[in-house]
Amino acid sequence: MARTHSLKPLPSLTLMISIISIAPVVADEDHYNNIIIGDRPAGMGGAYTAISDDPSGLYYNPAGLVYASGSGVSGSMNAYHITKTTYKNALGGETDWTRQSSNFLPNFFGIFQNLGNAKIGFSYAILDSIRENQDQRFVNLTQTQNAIDEYVINFNNQEDVYNFGVSYASEVSDKFSWGLTLYAHSRTRERILHEYIAFNATSGGDYEESTKYFSVDEQGIKPVFGLMWSPWNKVSLGLNINKTFLTSYEKTSQSTLKLQGESTVARSVTTSNDTRNLPLNIRAGGAYFPSEKLLLSGDLSYYQSYENRNSVLNIALGTEYYLNPVWALRGGFYTNHANTPKLTNQGLEPGELQLEHVDMYGLSIAFARFTNNSSLSVGLNYSYGSGKAQLFPANNNGTALLQDTEMSSLTFFISATSSY
């Protein structure tokens, strides 16, 4: 990778620790579509706003519940989620830096019942989750300003984002319905990082060491308003409008740092209760039923810009085909675009760091088996993207070294739905 400026990689630990401090964790705020929620939607790439006639509709569009059959329906989904991010030539320009997370989680549960001519329900959804434990050791990094004999990273990161709440849906006419889900929102995050660097004896045989702790706890509410309209036979249109409003937010950072050539250890502690403003999301979809065996669907999902994040438009396309009355095949395509600006390597403020930008694209496939009162689905989702990251601050000339970055995500899921 060409370097056309004078920034020297890895001159000290204060730059090296920016790798973990700035590079996003897999459960990141740079993307909105990290895990697809629900039974049928997971196999159809999330293109479900204009269908939503089963427990997954509690999340995608509560208005669709009025068209569900059965006096009581429940659904659950469990997923094994694997994510990987690779920064090319990140360490001294000679070593890739890879981060990986794997986690088994109960991704979704929903249940609803009839209430006269309406429906009521309860659901919870895990929107993102990470369990990352990283213990890596790099030796003989010779392309750094001071040759490094040993670089050790010990890193633990945990993050969960989930919603749980109640839903109500009512039919206005045989072609039009509305629904409302009121979710409680919760996000918790804890990161612990320890780094140790041993320098070459020619530079004094010294070492640098750092320990950092970071935690976030935020709570809020998320109303989801849905509409469903069937203007023609075999065609349905759906709309979902939602926004998360935070009611509490607490962020804590602690760090200790011993620099090369120094005997003292610097320590800092900061806390913040400044509540974030999260974006409005508008999701519109359409579904077409050409026959009893085939279903086609599509969604457009728009996220409003907020703070230093750009607006985002994601798409999802899905299909479901009944091979026979017992077996169905589902497939889908979806995007997971980054809400960060594209990176530049010049014209920056000295010391400035940019958020990474990686647009991702995914495919999904699932098989479902049906009995009189239940169904079982098994499938997987895979997404991949490449882009740029900036792991080290811009130099005094306002230029920065950018790293080629690859991200991938693989989710295996199994789900069940039953009527009673």
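Those residues that are loosely packed, with under 15 Cβ neighbours inside 10 Å, part of a strand (DSSP E or B) and more than 19 Å from the chain's Cα centre (by Cα), I need them from the range 214-240; list them, please.
Of the residues in the range 214-240, the ones loosely packed, with under 15 Cβ neighbours inside 10 Å are 217, 219, 223, 231-235.
After this cut, where a residue has to be part of a strand (DSSP E or B) as well, the list is 217, 219, 223, 231-232, 235.
Selection gives P223, P231, W232, V235.
For the list (1) under 17 Å from L278 (Cα atoms); (2) aliphatic (A, V, I, L, M); (3) in contact with an Asp or Glu (Cβ under 7 Å, 6 or more places away or on another chain), I need the number of the one condition that A328 fails.
Checking A328 against (1) under 17 Å from L278 (Cα atoms); (2) aliphatic (A, V, I, L, M); (3) in contact with an Asp or Glu (Cβ under 7 Å, 6 or more places away or on another chain), the one that fails is (1).
Between residues in the range 362-374 that are over 29 Å from S409 (Cα atoms) and residues that are part of a strand (DSSP E or B) and among the hydrophobic types (A, V, I, L, M, F, W, C), which pairs lie under 7 Å by C-beta distance while being six or more apart or on different chains?
Cβ pairs passing all conditions: S374/A416.
Name the residues in the range 282-311 that are exposed (fewer than 13 other Cβ atoms within 10 Å of the Cβ) and either without any contact (Cβ under 8 Å) to a residue 12 or more places away in the chain or in a strand (DSSP E or B) (or both), would you?
Matches in the range 282-311: S291, L294.
Can you pull out the residues in the range 324-354 that are over 18 Å from the mean Cα position of the chain (by Cα), more than 23 Å from A47 (Cα to Cα) and crowded, with 19+ Cβ neighbours inside 10 Å?
Residues satisfying the conditions are L348, Q354.
Do we find a residue being of a type in the set (A, V, I, L, M, F, W, C), in contact (Cβ under 8 Å) with a residue 24 or more places away in the chain and in contact with a helix residue (DSSP H, G or I) (Cβ under 6 Å, 6 or more places away or on another chain) anywhere in the range 52-72? Walk me through it before giving the result.
So the first thing to find is which residues in the range 52-72 are of a type in the set (A, V, I, L, M, F, W, C), and the list is 58, 63, 65-66, 68.
If we keep only those that are in contact (Cβ under 8 Å) with a residue 24 or more places away in the chain too, we end up with 58, 63, 65-66, 68.
Pick out the ones that are also in contact with a helix residue (DSSP H, G or I) (Cβ under 6 Å, 6 or more places away or on another chain) and you get 65.
Yes, the range 52-72 contains a residue that is of a type in the set (A, V, I, L, M, F, W, C), in contact (Cβ under 8 Å) with a residue 24 or more places away in the chain and in contact with a helix residue (DSSP H, G or I) (Cβ under 6 Å, 6 or more places away or on another chain).
Between residues in the range 223-237 that are farther than 18 Å from D299 by Cβ and touching a residue at least 24 places away in the same chain (Cβ under 8 Å) and residues that are among the hydroxyl-bearing types (S, T, Y) and crowded, with 16+ Cβ neighbours inside 10 Å, which pairs lie under 8 Å by C-beta distance while being six or more apart or on different chains?
Sorted first by the residue in the range 223-237, then by its partner, the pairs are P223/T181; P223/Y183.
What is the residue count in the range 404-420 for residues that are surrounded by 19 or more Cβ atoms within 10 Å (Cβ to Cβ), in contact with a helix residue (DSSP H, G or I) (Cβ under 9 Å, 6 or more places away or on another chain) and small (G, A, S)?
1
Among the helices (runs of 4 or more DSSP H) contained in the range 1-73, which hold 1 or more residues that are hydroxyl-bearing (S, T, Y) and modelled with pLDDT under 70? Full working, then the answer.
Values: elements: 13-16, 18-22, 39-43, 57-60.
Qualifying helices (runs of 4 or more DSSP H): 13-16, 18-22.
Which members of the range 250-262 meet the condition of being without any contact (Cβ under 8 Å) to a residue 60 or more places away in the chain and assigned to a strand (DSSP E or B)?
Filtering the range 250-262 for residues without any contact (Cβ under 8 Å) to a residue 60 or more places away in the chain gives 250-256, 258, 261-262.
E250, K251, T252, S253, Q254, S255, T256, K258, listed by residue number.
Report yes if some residue within the range 263-281 is touching a residue at least 60 places away in the same chain (Cβ under 8 Å), in contact with a Phe, Trp or Tyr (Cβ under 9 Å, 6 or more places away or on another chain), buried (at least 16 other Cβ atoms within 10 Å of the Cβ) and within 30 Å of S173 (Cβ to Cβ); otherwise report no.
yes
Which residue is farthest from R309 (Cα to Cα), if the candidates are limited to the range 381-403 and must be under 16 Å from the mean Cα position of the chain (by Cα) and surrounded by fewer than 17 Cβ atoms within 10 Å (Cβ to Cβ)? Spell out the reasoning first.
First, pick out the residues of the range 381-403 that are under 16 Å from the mean Cα position of the chain (by Cα): 381-386.
Among the residues that remain, those that are also surrounded by fewer than 17 Cβ atoms within 10 Å (Cβ to Cβ) are: 382, 384, 386.
On the way: Y382: 25, Y384: 21, S386: 19 Å.
It comes out as Y382.
Considering the range 211-224 alone, what residues qualify as being within 19 Å of I120 (Cα to Cα) and in contact with a helix residue (DSSP H, G or I) (Cβ under 8 Å, 6 or more places away or on another chain)? Spell out how you get there, then give the answer.
Within the range 211-224, the first condition is being within 19 Å of I120 (Cα to Cα), and the residues that meet it are 221-224.
Result: V224, single match.
Exactly one of (1) in a strand (DSSP E or B); (2) more than 30 Å from F199 (Cβ to Cβ); (3) within 23 Å of the chain's Cα centre (by Cα) is unmet by Y321. Its number?
With respect to (1) in a strand (DSSP E or B); (2) more than 30 Å from F199 (Cβ to Cβ); (3) within 23 Å of the chain's Cα centre (by Cα), Y321 is out only on (3).
The values are calculated or read from the model by the stated rules, or taken from the named source; none is laboratory data. It should be emphasised that the depicted structure is a prediction, and the values quoted were computed from it without experimental measurement. A quick note on method: Cβ atoms are made from the backbone with ideal geometry, for glycine too, and the neighbour counts reach across all protein chains shown.
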